[in-house]
Amino acid sequence: MGEIHMLSTQSTHSTLAQHVVGEKYDLLAKAMLVIGGSLALWVSAKIHIPFYPVPMTMQTFAVLVIGMAFGWRLGGATVLLYLAEGASGLPVFSGAPEREIGLAYMAGPTGGYLAGFLISAVVVGWLAERGWDRNLLTTSVAMLIGTVIIFLPGVFWLGTLIGWDEPVVALGVTQFIYAEILKIALAAAVLPLAWKALGRATGT
């Protein structure tokens, strides 16, 4: 019965952020989380880790963790703020300002992935509010769903720009598969471990 309750799409659970902040989870605390989350997305976009077959950034990992930890409203607001920062010309995106910045960057080949960030954060945040962030299995499924959501608009927009005669799937998905599997595994471990640590700290 516990597993059925865990997979419920009806009952709403508090998010990890709510538990960490506690009674001070007011408008100011939420604003601080959103701003801090947008800065974390900025930093994650600039991290380039040598990997096979292409270097790996930690941005999808950050999107998934923020979405699940904050819930769909704050997670969505965080990604929206990050996108607004990028649209205004701040060099928050991976490859900026070496490549274009602002709206020109967002209309480029990676624009679809940026849109996917927002949708993914909202969806995994909604799942977290239904308890999907409490154990490894359901968190893994949620993270997989969130990753697919990022890549679908990404590949669609890439194909629209460069043409479907090009190896769109290879360029937009295949070369990132191993890195995304690793990031899904890391993200899926972070949330349940954080809940366990919080439970030990609060004695619950």
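Structure summary
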quantity	calculated
Distance in nm between pseudo-label sites at Ala87 and Glu166 (7 Å out along the Cβ direction from Cα)	2.5 nm
Karplus-derived HN-Hα couplings along the range 98-112 (A = 6.51, B = -1.76, C = 1.60, θ = phi - 60°), whole Hz, x at Gly and Pro	4, 8, 5, 10, x, 5, 4, 5, 5, 8, x, x, 9, x, x
Potential extension, Ala31-Lys196 segment - 0.36 nm per residue separation minus Cα distance	56.8 nm
Stretchable slack from Phe156 to Ala189, in nm (0.36 nm times residue separation minus alpha-carbon distance)	8.9 nm
222 nm mean residue ellipticity, helices alone, for the chain (DSSP H n ≥ 4; -39,500 (n - 2.57); rounded to 500)	-22000 deg cm²/dmol
Exposed GluC sites (Glu not before Pro) absent - longest run of the chain, DSSP non-H/G/I/E/B, at most 16 other C-beta within 10 Å	101-204
Amide hydrogen neighbours beyond the local backbone of Met56, cut-off 5 Å, H modeled	Ile49, Phe51
For the range 133-156 versus the range 39-118, the gap between their alpha-carbon centres in whole angstrom	16 Å
Lysine pairs within the chain, Cα separation less than 25 Å, 8 or more sequence positions apart or different chains	5
For the range 50-144: rounded, prolate or oblate by the Cα gyration tensor [a/c cutoff 1.5]	oblate
Check: the range 2-196 dipole with +1 on Lys, Arg Cβ and -1 on Asp, Glu Cβ, in debye	380 debye
Hypothetical label at Val173: residues of the range 26-70 whose amide nitrogen lies under 15 Å (7 Å Cα-Cβ projection)	none
Length-normalised contact order of the chain in % [C-alpha pairs under 8 Å, at least 6 apart]	25 percent
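Every read-out reported here was derived from the displayed coordinates using simple, explicitly stated rules and does not represent laboratory data. Note that the structure is predicted; figures quoted are calculated from it, not measured. Positions of Cβ are backbone-derived with ideal geometry, glycine not excepted, and every protein chain shown enters the neighbour counts.
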